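A.B. asks: Please read through the structure below; I'll follow up with questions.
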Amino acid sequence: MTSLWIVTLAAFALLALLIVVLIKTTRLRAWQGVLLFLLPLLLANLLWFSWLKPQQQRVAQQQAAIDYLAQTPGYRVLQTQEPALWQLLVKELQHKVRSGEAPAQAVGELRGWLADVINQRLMRAPDAAVVNYVRVSVKAMQALGQRDPQLCFRFLFPQVSGGVNLATSLSPALNAQDAEAMEQLLLASRGADLPVDQPQAQQDLQRIVATLYRKWGDKLQQLNMPADAAVDRSSMCGMSVDLYSAILALPDKQAANLLRRMVTLSG
């Protein structure tokens with residue numbers, strides 16, 4: 001950039017000297033010389049502000065988006081693990097930052113883009129990583145539910161009413177836990193899908209549902225139809241917290257097995 005300015009200044013100095021010589025040696029008048037000097041100056045400014053500067057800003061914004069994601073726990077591992085998704089995240093983050101959003105807030109809005117990848121990795125990750133990730137997710141549900149049950153519902157069922165920006169809805173400490181749990185899950189899940197013991201999962205689920213039914217009754221069936229307009233969204237959060245808490249109370253092997261089975265059933 002500095003060398004470009006030096007070359008530009010040198011070019012205009014040379015042009016000014018040439019115009020002075022022309023004024024002295026030809027019939028070129030002073031005002032014509034001034035116009036001759038100003039014309040390339042105006043064209044250079046037009047070129048700079050209409051094309052060069054916006055292009056440099058776009059490049060800088062793109063690099064800033066890449067640098068920010070590359071330093072954000074959870075997202076940074078996607079650069080090597082999921083390069084196609086990574087490029088989409090960079091473009092969307094760049095667009096949001098260019099629209100005036102702060103990078104931290106914009107990244108929070110990208111979390112929903114990771115839903116499919118996370119579900120895939122829950123099928124591949126070891127038991128401890130699966131249980132740890134879901135345990136932190138339950139903490140997030142509880143925190144969102146205490147703040148506003150609608151936020152909890154949106155977190156649980158983004159396909160129904162849109163997701164929730166965890167960066168602005170959770171405390172920094174809980175956000176850090178969520179990012180760390182997500183990164184551990186992604187790092188530990190590079191292999192093939194792990195087998196699911198379906199009879200054991202069915203047995204555990206039936207026992208848990210029977211226990212929850214004593215508290216929630218027929219309302220428990222609403223967990224299977226979140227898009228229904230008649231569902232009680234406030235209760236959906238409480239029922240989900242109770243369901244996942246009961247699953248996490250199982251030994252890690254059984255809990256992870258049941259969670260994988262639930263992912264399979266949900267598609």
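The values are calculated or read from the model by the stated rules, or taken from the named source; none is laboratory data. As the structure is a computational prediction, the values presented were derived from the model and not from experiment. Positions of Cβ are generated from backbone atoms using ideal geometry, with glycine treated the same way; all protein chains shown enter the neighbour counts.
A.B. asks: Check off (1) outside the structural domain of Ser171 (by TED's automatic domain parsing); (2) in a helix (DSSP H, G or I); (3) buried (at least 16 other Cβ atoms within 10 Å of the Cβ) for Ile118 and give me the number that stays unchecked.
C.D. replies: (1)
A.B. asks: Give Ala173, Ala256, Ala192 a once-over and let me know the one that is of a type in the set (A, V, I, L, M), under 17 Å from Ala140 (Cβ atoms) and modelled with pLDDT of 90 or more. Show your work before the answer.
C.D. replies: On the way: Ala256 fails: under 17 Å from Ala140 (Cβ atoms); Ala192 fails: under 17 Å from Ala140 (Cβ atoms).
Going through Ala173, Ala256, Ala192 in turn, just one is of a type in the set (A, V, I, L, M), under 17 Å from Ala140 (Cβ atoms) and modelled with pLDDT of 90 or more: Ala173.
A.B. asks: Yes or no: Val97 under 25 Å from the mean Cα position of the chain (by Cα), modelled with pLDDT of 90 or more and not small (Gly, Ala, Ser)?
C.D. replies: Working: under 25 Å from the mean Cα position of the chain (by Cα): yes; modelled with pLDDT of 90 or more: no; not small (Gly, Ala, Ser): yes.
In short, no.
A.B. asks: Let me ask you something else. Got a sec? Which of Gln63, Gln79, Gln87, Gln57 is buried (at least 16 other Cβ atoms within 10 Å of the Cβ), free of Cβ contacts under 8 Å to residues at least 12 places away in the same chain and either outside any loop (DSSP other than H, G, I, E, B) or at negative phi (or both)? I'd like the intermediate steps shown before the answer.
C.D. replies: Numbers: Gln63 fails: buried (at least 16 other Cβ atoms within 10 Å of the Cβ); Gln87 fails: buried (at least 16 other Cβ atoms within 10 Å of the Cβ); Gln57 fails: buried (at least 16 other Cβ atoms within 10 Å of the Cβ).
Step by step, each of Gln63, Gln79, Gln87, Gln57 is checked, and only Gln79 is buried (at least 16 other Cβ atoms within 10 Å of the Cβ), free of Cβ contacts under 8 Å to residues at least 12 places away in the same chain and either outside any loop (DSSP other than H, G, I, E, B) or at negative phi (or both).
A.B. asks: Related question: Can you pull out every residue in region 125-157 that is more than 11 Å from Cys237 (Cα to Cα), over 19 Å from the mean Cα position of the chain (by Cα) and not small (Gly, Ala, Ser)?
C.D. replies: Pro126, Asp127, Val130, Val131, Asn132, Arg135, Lys139, Arg147
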